[in-house]
Ligand code: AMP
Ligand code: MG
């Protein structure tokens with residue numbers, strides 16, 4: 001922890017010939033990279049960016065009892081006045097719930113708690129139908145409503161969690177703030193949700209590695225990003241539960257009530273980070289072909305799937321085939337979706 005805190009808020013030379021600012025926000029690292037020639041401009045933008053990120057955390061954190069989301073949760077059944085930012089994110093999360101037919105579900109929190117994710121005690125056994133059936137009823141996102149600056153959970157016990165979309169939203173906000181200060185060569189990376197424009201000091205693009213979900217020190221391939229591209233990954237390898245030797249992802253399938261099994265990692269490329277973040281979580285839950293159809297139906301979206309089985313396979317939607325360069329050792333594992 002000490003080392004983490006020492007790093008928080010430091011400015012240092014980065015890889016690819018650029019300059020970096022690192023902070024610790026929303027329970028994760030943020031790294032902003034610009035070419036060395038923009039180092040001073042980045043320093044001037046940092047206070048404003050920190051303030052915006054802290055305001056997002058203050059509105060959305062489910063770990064802070066005074067956040068707007070916590071107020072919505074403790075007042076389930078009543079309308080709660082919220083900031084424009086919170087209302088916008090609730091509206092966006094409902095849009096992704098509709099698009100994914102409930103695979104993405106901003107009301108999933110009671111199930112998350114039941115499985116001991118988010119720091120609670122994990123149950124001693126895999127939960128059974130008798131426990132899950134009433135929880136499935138409770139996580140009905142159709143009972144979440146937003147109206148201008150008011151949000152309401154219709155039934156007592158319902159709980160909102162915008163954790164699958166908040167980081168993407170935060171990345172877009174930082175990205176826009178940097179652009180507004182005339183920085184056009186930028187990469188914003190918030191715990192793996194990232195967005196880039198222009199290039200580094202060395203190349204007219206940014207290179208992002210896609211991690212091997214089965215071996216975190218290895219990459220399976222690279223994406224070359226520029227022009228405002230955003231990338232998000234949802235995986236089962238960083239946060240998960242293990243009950244009776246069986247692993248479940250930190251992402252829940254709200255339709256069954258169980259942690260997702262069968263998918264190791266999903267990476268989504270989109271034109272903005274909120275879209276990439278929401279879709280990577282949604283696709284992690286959806287059946288792979290259905291998820292592929294959803295990204296193909298959306299503008300400028302593409303996806304890469306690694307199922308949780310051996311031998312490792314990498315499934316690419318048509319848009320991703322044009323962008324993803326596999327490492328030589330994984331070229332034979334690439335499949336078309
Ligand atoms: P991400 O890492 O962006 O995929 O988001 C994962 C987080 O989203 C989890 O830690 C939960 O807080 C929340 N979450 C879990 N399952 C779902 C789901 N099916 N729909 C929406 N949010 C979820
Ligand atoms: Mg997400």
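Mind ranking 191-202, 171-182, 269-280 by how tightly packed they are, going by the mean number of other C-beta atoms within 10 angstrom, highest first?
Sorting 191-202, 171-182, 269-280 by mean packing, highest first, produces 269-280, 191-202, 171-182.
Distances over 23 Å make up what percent of all Cα-Cα pairs in the stretch 122-208?
Cα-Cα pairs in the stretch 122-208 separated by more than 23 Å: 53 percent.
Grab the DSSP H runs of the chain that are 4 residues or longer, score each as -39,500 (n - 2.57), total them, divide by all residues and round the 222 nm result to the nearest 500 deg cm²/dmol. Walk me through the numbers on the way to the answer.
Details: 10 runs with 108 residues, N = 337.
About -9500 deg cm²/dmol.
Please report, to two decimal places, log10 I(q)/I(0) for the stretch 215-309 at q = 0.16 Å⁻¹ as given by the Debye formula with identical point scatterers on the Cα atoms and no solvent.
-0.67
Tell me the Kirkwood radius of the stretch 60-163: reciprocal of the mean inverse pair distance over distinct alpha-carbon atoms, in Å. Mind showing how you got there, number by number?
Values: mean 1/r = 0.0713 Å⁻¹.
Evaluated on the stretch 60-163, it is 14.0 Å.
Across the Cα atoms of the chain, what radius of gyration and what greatest pairwise Cα-Cα distance (Dmax) are found, in Å?
For the chain, the Cα radius of gyration and maximum Cα-Cα distance read 19.8, 61 Å.
Readers should treat all values here as calculations from the given coordinates under stated rules, not as data from a laboratory. Source: prediction; values computed, not measured. Neighbour counts run over all protein chains shown; Cβ positions are idealised from the backbone, glycine included.
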